[in-house]
1. Compute the relative contact order of segment B:11-301 as a whole-number percentage, counting only Cα pairs closer than 8 Å that sit 6 or more residues apart in sequence.
2. Report the semi-axes of the equivalent ellipsoid for segment A:507-583 in whole Å, largest first, where each axis is √(5λ) for an eigenvalue λ of the Cα gyration tensor.
3. Quick check on segment A:181-222: take the gyration tensor over C-alpha atoms, sort the square-rooted eigenvalues as a ≥ b ≥ c, and tell me if it's rounded (a/c under 1.5), prolate or oblate.
4. Could you let me know the centre-to-centre spacing of segment B:417-491 and segment B:607-672, using Cα atoms, in angstrom?
5. Can you divide the C-alpha Rg of chain B by 2.2 N^0.38 Å and report the result to two decimal places?
6. Taking all pairs of distinct Cα atoms, average 1/r, flip it, and tell me the Kirkwood hydrodynamic radius of segment A:351-466 in Å to one decimal place.
7. Dipole size in debye (nearest 20) for segment B:621-671 around its Cα centre, Lys and Arg Cβ +1, Asp and Glu Cβ -1?
8. Against the longest alpha carbon principal axis of chain B, how many degrees, from 0 to 90 and to the nearest 10, is the axis of helix B:256-265 turned?
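Just so it is clear, none of the values below were taken in a lab; they were calculated from the coordinates. Model, not experiment: these values are computed from the prediction. Note that we place each Cβ from the backbone using ideal geometry, even for glycine, and neighbour counts take in every protein chain shown.
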There are 2 protein chains.
Amino acid sequence: MPPPAARPSLAPLFDPRAIAIYGASSDPSKIGGRPLDFLKKSGFDGPLYPINPKASQIQGLPAYPTMAAVPDAVDLAIVAVPAPAVLAALEDCAAHGVRGAVVLSAGFAEVGGPGVAWQEEMSALARRTGMRVVGPNCMGLINVRRRLLGTFTPSAAGFGLVPGRISVVSQSGAFGGYCLSLIRQRGLGLNLWITTGNQCDVDVADCIEHFALDAETQVIAGYLEAAADKERLFHALALARERGKRVVIMKVGRSEAGAHATASHTASLAGSDQVYEGVFRQFGVLRARSIDEFFDTAYAAASPAPLPQGRRLGVLTVSGGVGALMADVAADVGLDMPPMPEDAQRRLKALLPFCGPRNPVDMTAQLVNDLTLFERNFEVMLQEGRYDVIVAFLSSVGLVTELGRGILEQLQTVLQRFPDRTVIASMLASTEVRQMFEQAGVMLFDEPTRAVRAAGALVHYGQQLQKRALADMPPPLPAGALPPPVQVVNEVEAKTVLASAGIPVVQERVAMSEDDAVRAAADIGYPVVLKIASPDIAHKSEIGGVIVGVRNAAQVRAAFRTLRERAHTYAPAARIDGVVVAQMAPPGVETILGVAHDPVFGAVLMFGVGGVFVEAFQDVAFRVAPFGVAEARAMIEEVRGKVLLAGVRGQPPADMEALASAIAALSVYAAQHADAIESIDINPLLVLPRGQGVLALDALIVPRSAA
Amino acid sequence: MPPPAARPSLAPLFDPRAIAIYGASSDPSKIGGRPLDFLKKSGFDGPLYPINPKASQIQGLPAYPTMAAVPDAVDLAIVAVPAPAVLAALEDCAAHGVRGAVVLSAGFAEVGGPGVAWQEEMSALARRTGMRVVGPNCMGLINVRRRLLGTFTPSAAGFGLVPGRISVVSQSGAFGGYCLSLIRQRGLGLNLWITTGNQCDVDVADCIEHFALDAETQVIAGYLEAAADKERLFHALALARERGKRVVIMKVGRSEAGAHATASHTASLAGSDQVYEGVFRQFGVLRARSIDEFFDTAYAAASPAPLPQGRRLGVLTVSGGVGALMADVAADVGLDMPPMPEDAQRRLKALLPFCGPRNPVDMTAQLVNDLTLFERNFEVMLQEGRYDVIVAFLSSVGLVTELGRGILEQLQTVLQRFPDRTVIASMLASTEVRQMFEQAGVMLFDEPTRAVRAAGALVHYGQQLQKRALADMPPPLPAGALPPPVQVVNEVEAKTVLASAGIPVVQERVAMSEDDAVRAAADIGYPVVLKIASPDIAHKSEIGGVIVGVRNAAQVRAAFRTLRERAHTYAPAARIDGVVVAQMAPPGVETILGVAHDPVFGAVLMFGVGGVFVEAFQDVAFRVAPFGVAEARAMIEEVRGKVLLAGVRGQPPADMEALASAIAALSVYAAQHADAIESIDINPLLVLPRGQGVLALDALIVPRSAA
């Protein structure tokens, strides 16, 4: 995929030298008064220029009628004039060298009417002049290090923000403001914050790209309603992964009701939620399912601690019960909890006879009587257990400052010898103890299961970092690949096309007569399957259009006649291309592989296992085409039905590698012909035992022109 | 099930007039000093008698060498002497009329050695004397209203507890202590608290029963590692449900690693986790999967608000995005979110043109400018939307005391007109606003998705309350029901037994010769299925022991011979009882119905849909036998595979009622013969289209004597 056309940087927005405020008001409770009030009180370090033709002074600063009167070069404008006056203000900005504008005013596409056209003109202005425009109908932006509060959200009142490594982008202003309150409440370190509102120019993808390139940003936390532009979103997410940024996204609309709520909230067209899920997995983005999870993930990801190098979790606890609870959640999030080696268990037993030495390692409440138990247990776990990440549950020890300090000191002493390991503490703690831990860069969670989930998130990011090194190139398209049909064709022709694209298909021929069918069967070898060949009958078996286990010439003739009769009876209007004579498929696992056209993401691949269960459980994985075999393997891993491929009830394991190759090959073909294909269904794609490959048994290709 | 033998009340433990402390120490940091220190400082209202032969005064109180010297009637003893001296102390107590004792001392079954025998003697003493004994190796108990701190957990230091409607029982002392810290931190109202430790006498079931009978307790929050006695646990849970108590239980061990951690933590034998899951569902208990969920549920359940009368959720929000997120979670927890009626939507639009009027109802950030929007939107939702429960997300409004108060006042005004509705607020709030809400009895959650989950919990408890009215009696056992076989028999004999118990089975006969088979087939009607009949071949199809679609006498003879040959070849040692000739089953959905023997709970029923997927996905539901059709219906509802019963791909809906009847009938039979049955497998139990019943196609009964 070629990189999208570069757009001017967002640097003037986040890092301006001087700021002008259009519609600046003397009343700090008004939308035009609040940003100026905030900027003055927060101590922004650059000059501020209120623009208001009706006043000479505003909030103690000289005011100017237009930018022409401002005796300085201004790079950022905050625009809070009524909607009908916004465009003129932006023109004024662009004409005087302003490189970025934040439009707080509402009354555009979100309310309809003339606002729609105004917003379109703002987009055009941004494209024409290169001035980047945020909004309209947004809550503005913040740069904590510059103490730049370019916002009117009440959540920013009094500043109250500490500089850190998390940058936030929210398409929703209300969500962005709520986030800001939570960031303050939790004391999280924030770098940049922006809400994009109606996105006439700057959108979420732009902001992710900017954060990806920003040296101070380690974590990108985003709230997304709908992506506007696939190429730019992909470019931004790829860049973030390449730069080792840790991305967590809240994307609502998992449920039908949720999707509806979003649709009524924005004018954007949302892609199917499962496709977004696939995109996030494809780019290593974590998707949060609650506000707690969103911020827990961001908090952990912003830690200076190293990322885990594997998924081995050790749990150290003062309560066997809580340890077991943590083990339950570790299993939920896919972490491994291997037991301590036998001799290490003996050493732990020697330290404390009634401890639980396995994993979780249970120090019991005895810790309170002998704090040094922590250091000794912790060290043995790191040394002998070789866990990649340890979560230590210490109950309410942190409520006593001296105990909390003692634990922290022991932790730091041991970690000096194991600087590549990740540790997360979980306990109730006083504010003093909490600050002590944060300053030392040690993660601390109140709730032990949330600590385990955070460990899972860090393991995920650690794996992404390792994956970055391994390029997963899509395979080349085979030289003789045929173009997709321009109208719906029968299954044999569809499989001919797919075979040319590198998908193994069942051996078969279309026969036009009984004699022809007998010859075909003899060539292919008995037993055979006979099926009606028609582009108009998608579900042949529902009208009895498939006869299996045909064993000799006489049976071929009888089956041929039966099929023609059934087609005549049940589908009199269908075009009949003849009868397919096909090799009887060997035993294997039935899967379904498909291509769909997504309005935002274009050609997307879908994979699932097991016929009716795909529909019943919606147990499928999506990815955007094209991709390589590693991504195809990840798709297979993602569906619960994968257990059937591993071999149940004495079946041999299926040929996963051939399956992954077929998925990747189809993704390449689908991407190459994205504009021509509405959908492809290979159902079933039969996966044979390991080493024997896959076989497409039936296929349907719907061209876009026919959809 | 007859009620278990009544045991003496726990009242003397929780509500004593006077307390003696064995092993009382002058050092308040010691296990024998701390409870006395706590009791004195907390202001317990009864007399305290330190028992210690080595001192005349302890912590300012006169001390006594033994109970004989105490000049008063004592009903509760707290025992903190070393393990070898505990039994003598308990004998002394019992001899002097003490009715309850809490043994804090450790060194018993949990460490092995002589402690095991000591603990057994303590159990015997409790049984013999009727004195109730808590522990040993426990953290003691608390009665908040009496300011009774009979514990040495540091979490109780300084009291810091407010009286409320939640009572807590924890098998684990460490977990119990941690809970206490969290209860203080969250400001939850607590009534009674107890940890049961090694459970020589008083166990979790006893405490649940006591709480169920306690007028001040509305919520029972329990931490359970393993149940000791099925009858008493069931009696306690049934009593709690009957009394309308709301029960939330933390039971760890969902994962394999978790189960292991528990097993190393206690000596108790844990039943399979899925069976516990079934028990909790059977008794309307909510199971928490995290500490947050445990306390969120307890907090909501303790509210004076009415329980929802249905599952219709309305969401009122100031952020469309958060509203959509809440809708996602509502779908996860099974709440319905019907839209507002069309005309009500128009009324809301009239209030605020750019609101989202559907459901979620989005007031937008405009609320901050016009606080009365809340009252008007809220009222329309209750009046027109008729939601059973409303969750209102108000972002960070509660951080400003005046705004928080304004919301609360509006809320109360409207609720006066709808006293049967449940409302939950979600916002960031100052301590002052939080207290205002709590005092007004209005639930308040920081995190909106946790508020939605709490709504789900309240809906669950509301349904339990309604269910209580509908008795779900197990059906009677049919008069001619045969006893289970005493050794493994072939499938035909197994089905004969099941048919006598009320399970419809396929029409079939065992044939001993070809002629016999032809006669049987003619009687049954073609086509038929032929199968090897053997008690020794459990998986017939794996050796080709099933031939379907047999259509005439010649095919019957051929199939008969083939089966005998295959049995001879592949299972030469198996006893062959002949060949089963069976009716060819009509189309239907394959399910599996089974009975297993659980070491704690006895006969348990298992149900799942769909052959190989039961094994692959472990998508099954458990219940303890016996039960009625309503519970059987709940089992069916619980498995994801139920979608296949509803009819997918144009299949007709299956006969759910016949299925529920068969499940209930088997549960009655299994309970009746619990001691004689190791397991029953009906696989498949074919469910025919609605109105056509079910058919057991294959069955295996393993008697306990043969296991």
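1. Relative contact order, segment B:11-301: 13 percent.
2. Values for segment A:507-583, descending: 20, 11, 11 Å.
3. Oblate.
4. 22
5. Compactness ratio reported: 1.16.
6. Across segment A:351-466, the inverse of the average 1/r is 14.5 Å.
7. 180
8. The helix B:256-265 is inclined about 50 degrees to chain B.
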